[in-house]
Amino acid sequence: MCGIVGYIGKKEAYPIILNGLKRLEYRGYDSAGIAIYDGSNIQLCKTKGKVADLEEKIKKEITIKGNLGIGHTRWATHGVPNDINSHPHLSNSGNLVIIHNGIIENYTSLKEELLKRGYTFHSETDTEVLVNLIEDIIKKEKVKLGKAVQIALNQVVGAYAIAIFDKNKPDEIVVAKLGSPLAIGIGEDEFFVASDASPFIEFTNNAIYLKDEEMAIIRIGRDVEVRKIKDDSLVAPYIEELKINLEQIEKGGYEHFMLKEIFEQPTVIKDTYRGRLLVNKGIIKLGGLEDYIEKFINADRIIIVACGTSWHAGLVAEYIFEDWARIPVEVEYASEFRYRNPIITEKDVVIAISQSGETADTLAAVKLAKEKGAFVYGICNVVGSSISRETHSGTYTHAGPEIGVASTKSFTTQITVLTMIALKLAKIKGTISHRDFMLHLRELELIPSKVKEALESNGKIQEIAEIFKDVKNFLYLGRGHNFPVALEGALKLKEISYIHAEGYPAAEMKHGPIALIDEQMPVVVIAVNSNHYDKVVSNIQEIKSRQGIIIAVVTEGDTIVKEMADYIMEVPKTPETLTPLVTTIPLQLLSYHIAVLLNRNVDQPRNLAKSVTVE
Ligand code: G6P
């Protein structure tokens, strides 16, 4: 799981690649490197650390010039993060240079063969094996780079997005993809290669997204030549016109992407339901769903597969699907689901939720469900991502690029889509009254303004963060629809502040976590107006009588919890089923401010990556 960038054309490659790597750091940031061909040599610079460290190193050590180059930002899989294991990797002759996102699973056996043939290795990486395998094939088979890449990849087991060039053929870059994303930007007399379109969006709107098991030979003065890796057959590439713009992927005045993305939620929730939620007509229109309604209505059950924050959105969906549409729902961690020989039948509908659409476990779960005959529906944010292509149909969240590693706007936009699906199914099934249906349609339309209002507590939440920033443990409690929000609140805090936090259903507290409560322990309780309000009040009393500290998320105008809590964070009154969309906002802000106060790297927390394309 890494970010790759490449350039070939008339411009200086270095600034384009460096800038591209900065935009791709969400994919990994434990080391970085660049290789540029200057007309006679490959200039290579790599370092442990972030792209900014690489930039510093280059400033001090070398002058990089040239119109052909590749760069990499790494999230280590094989080999610790250090200068040597960083990409790009050179072949033994020094002629070939490669960058790779993915894992070559059979690299040990390939390496043994190459060692026998006299090759030497400097790093512990699988990638260095691949580049030498390609070199060996060029020598042995007397073939060109493209052909050698194709032969080599047919011997490889694993996943990859690679870009490679040969200094003896400086008008060409060869790329290939299986399992990891790869986009080719097509400019005038220039080409870009990257893990997503963000590194080249200011240069061109035209891109080819390679499909799995495809490779491309990108040559100056020629059209991009796309081939199937398996049999070398030519593929007619589809050139897409990109809709994202530069502003969408920059910070826009905010200190961090995460804060920007938290504050974007009123807008992106609206973008998610725009043209779909037609309140005046009393309908919900979801392009991807219309032709498959019967599949959902007749399903024995809906199985939701996802990871991380997307899994939490799935848990929220379980409440609303069962409540409104009366369809049994199971929510599964994709990583568990795929390995436990699950019972899946043709009468099941599987919904895969994934912001990136690239999470390896979720993608594998999708493939497994398809094999077993289930109808598979995707809810993704990234258009054209692997999961969105692999599923039978689906709905995009339209949240725009999410760069902060900790998901925020993805969560609320996923819930928005899931709410629309549940309401639509309930209406068709007749399991919701017209009155209730219309009420929720109207209320969903009001969510962006309520989220905006919830965001106004930002200053107050920052003050609360100041008080609790040095605490070592946090407990988050919620009931019903807000139990998954408690999990999500705890996850956000863990991810970006490195403070231990646990989310729990409020009523379960007495079966264990209550033992943790003392005067040091802050307990964040979601205590908004709901059917469970009185029960949550009792849970708060249980905590108070053990000297725990209560930080409560309450509905505006609340008096009871306000009296009992030590600190409160208010959200506007919302029907219970839609409360996760607003209660999650103060929890996002709380974790954000604590992390900032602790001087953490909010957008790139340690050990994490935005898109986990490895198991
Ligand atoms: C990573 C990210 C999380 C995200 C999860 C699932 O772990 O750090 O923020 O929730 O992957 O990602 P997906 O793209 O499938 O929603």
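The values are calculated or read from the model by the stated rules, or taken from the named source; none is laboratory data. Predicted model only: the values in this text are computed from it and were never measured. Please note: Cβ atoms are built from the backbone with ideal geometry, for glycine as well, and neighbour counts cover all protein chains shown. These area figures cover heavy atoms from the full protein model, side chains too; ligands, DNA and RNA do not enter into them. Shrake-Rupley method; radii C 1.70, N 1.55, O 1.52, S 1.80 Å.
Annotations for the structure displayed:
- Percent carbon-and-sulfur accessible area, the chain, ignoring ligands, DNA and RNA, probe 1.4 Å: 48
- Based on Cα atoms of the stretch 161-270, Rg over Rh with Rh as the Kirkwood radius reads 1.07.
- Per residue solvent-accessible surface (Å²) - the stretch 252-455, probe of 1.4 Å: 37
- Amide H contacts under 5 Å for Tyr476, placed H, 5+ residues apart: Glu502, Gly503, Tyr504, Val524
- Ordering of 228-241, 164-177 by packing [mean C-beta count within 10 Å, highest first]: 164-177, 228-241
- Shown here for the stretch 301-344: trypsin sites (Lys or Arg not before Pro) in loop regions (DSSP other than H, G, I, E, B) with at most 12 other Cβ atoms within 10 Å, namely Arg340.
- Annotation for the stretch 218-234 versus the stretch 95-164: alpha-carbon center distance of 19 Å.
- Debye log10 I(q)/I(0) at q = 0.11, 0.15 Å⁻¹ for the stretch 252-455, Cα point scatterers: -0.47, -0.89
- When you count the other C-beta atoms within 10 angstrom of each residue and take the mean per peptide, 511-521, 58-68, 344-354, 408-418 line up highest first as 408-418, 344-354, 58-68, 511-521.
- Each residue of the stretch 135-141 was assigned a 3J(HN,Hα) from its phi angle through the Karplus expression (A = 6.51, B = -1.76, C = 1.60, θ = phi - 60°), giving 4, 4, 5, 4, 5, 5, 8 Hz with x at Gly and Pro.
- Kirkwood analysis of the Cα pair distances in the stretch 442-522 returns a hydrodynamic radius of 14.3 Å.
- The magnitude of the dipole of the chain, with charges of +1 and -1 set on the Cβ of Lys/Arg and Asp/Glu and taken from the Cα centre, is near 580 debye.
- Beyond 30 Å in Cα-Cα separation lie the following of the pairs Lys243/Lys450; Lys144/Lys370; Lys10/Lys57: Lys144/Lys370.
- Pairs from the list Lys22/Lys48; Lys367/Lys429; Lys22/Lys211; Lys510/Lys535; Lys492/Lys573; Lys11/Lys211 with a Cα-Cα gap above 18 Å: Lys367/Lys429; Lys22/Lys211; Lys492/Lys573; Lys11/Lys211.
- Inter-centroid distance (Cα atoms) of the stretch 464-515 relative to the stretch 25-41, Å: 40
- Computed from Cα positions, the angle between helix 533-544 and the longest principal axis of the chain comes to roughly 80 degrees.
- For the stretch 116-211, accessible area per residue (1.4 Å probe, heavy atoms of protein chains only), Å²: 34
- Helix axis angle, 13-23 relative to the chain longest principal axis, alpha carbon, degrees: 20
- Here, P(r) means the percent of Cα pairs in each 10 Å bin from 0 to the largest distance; for the stretch 1-55 it is 25, 56, 18, 1.
- Distance distribution P(r), the chain, all Cα-Cα pairs, bin width 10 angstrom from 0: 3, 17, 25, 24, 17, 10, 4, 0, 0 percent.
- Prolate/oblate/rounded label for the stretch 244-344 (Cα gyration tensor, a/c 1.5): oblate
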